[in-house]
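The values are calculated or read from the model by the stated rules, or taken from the named source; none is laboratory data. Source: prediction; values computed, not measured. Here the Cβ positions follow ideal geometry from the backbone for every residue, glycine too, while neighbour counts run over all protein chains shown. Surface accessibility is based on the protein's heavy atoms, side chains included, excluding ligands, DNA and RNA. Shrake-Rupley method; radii C 1.70, N 1.55, O 1.52, S 1.80 Å.
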Amino acid sequence: GANTDEISQAIQTYSELAIPGVDVSGLYIHDNTFTHLNAGSSGYEGIYINRDAGSGIIQIENNQFSGNLLRGITSERSNTRISGNSLITNLSPGLPGGYEGISIRDASTGGPEAQSNIDIFSNTIKGSIEGNRFMRGIRVGIAGQSLTAINILYNTIEGNTNGINVKSSANFVVVNQNKILGSIEKNIKNEDVNPMNAMNNWWGFTTDAQISNLISGNVSYTPWAYNSS
């Protein structure tokens, strides 16, 4: 898209607000390659999963996102597994620009509904070269939203403005065994008052003074990993 009004989604599911009772349980999006067709600075969105009425699991696995990528994967529903994806943007951070690699929140009309049982693991989220990056590698929640069982594990989140940004229910968000490196502002940014478990991650540094400068909000980050393996 040349501007934010023109941004398109490669794959988008219907919202239950548009089709009452719609159920995408069992959806499996895997092994695809996504990139842009037009050099517009606002980019494109890869996959957008709207809120539905279903309770079964969906999976988004082993996809490759590249080019002018504004936002890679968004899910507004519970019971979502996002794994093994590569999300690499050619854009500089912002909106428009490289906005979010993965976004878990419900922005539906009428206010956010609760989300639970979401696993984000073994994904790579970064810019294609120095200066290209997402404003948020992973974004979780929206103000006032209830979240439970949000697990962020074994991801590589590198060189973004903020690595992981949590907006609500931080005490139900677990961030462990990730590589969160080289963020311009913060590796972890917790905007919720509740404490967040971000232990046993590799931050690229080996002293508390170095690591604490990259953490914002109520976050438990010790012990940390001492190497990138």
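A few comments on the model shown:
- Sorting Thr161, Thr35, Thr148 by accessible area puts them as Thr35, Thr148, Thr161; the probe is 1.4 Å, largest comes first, and only protein heavy atoms count.
- Gain in span if fully extended, Ala225 to Asp5, counting 0.36 nm per residue against the direct Cα distance: 75.0 nm
- The aspartates and glutamates within cross-link reach of Lys186, meaning a Cα-to-Cα straight distance under 12 Å and a gap of 8 or more places when in the same chain, are Glu158.
- In this structure, the amide hydrogen of Thr156, modeled 1.01 Å from its nitrogen in the peptide plane, lies closer than 5 angstrom to those of Asn123, Thr124, Ile125, Lys179, counting only residues at least 5 positions away or on a different chain.
- Karplus-derived HN-Hα couplings along region 42-58 (A = 6.51, B = -1.76, C = 1.60, θ = phi - 60°), whole Hz, x at Gly and Pro: 7, x, 9, 9, x, 10, 10, 9, 6, 4, 10, 8, x, 10, x, 6, 10
- With the simple spin-label model, which puts each label point 7 Å out from Cα in the Cβ direction, the Ala149 to Gln64 separation comes to 3.4 nm.
- Rg [Å, one decimal], Dmax [Å, integer] - region 40-190, C-alpha atoms: 14.0, 41
- List Thr124, Thr33, Thr89, ordered by accessible area with a 1.4 Å probe, largest first: Thr33, Thr124, Thr89
- Between region 137-199 and region 55-131, the Cα center-to-center distance that results, in Å: 13 Å
- DSSP bridge analysis restricted to region 150-229 gives an antiparallel fraction near 0%, rounded to the nearest 5.
- Highest mean packing comes first when the peptides 7-18, 179-190 are listed by Cβ atoms within 10 Å, giving 179-190, 7-18.
- Alpha-carbon radius of gyration plus Dmax, which is the widest Cα pair, for region 115-229 in Å: 12.9, 36
- Low-density loop cleavage sites - GluC sites (Glu not before Pro) in region 69-134, where at most 11 other Cβ are within 10 Å (DSSP): Glu130
- Most to least accessible of Trp203, Trp224 (protein chains only, probe 1.4 Å): Trp224, Trp203
- Probe 1.4 Å, protein heavy atoms only - accessible area per residue of region 143-221 in square angstrom: 40 Å²
- Surface share of carbon and sulfur [accessible, 1.4 angstrom probe, percent] for the chain: 48 percent
- Accessible area per residue in Å² at 1.4 Å probe, computed on region 29-81: 35 Å²
- Where a label projected 7 Å from the Cα of His30 along Cα→Cβ would reach, residues of region 1-23 with amide N under 15 Å: none
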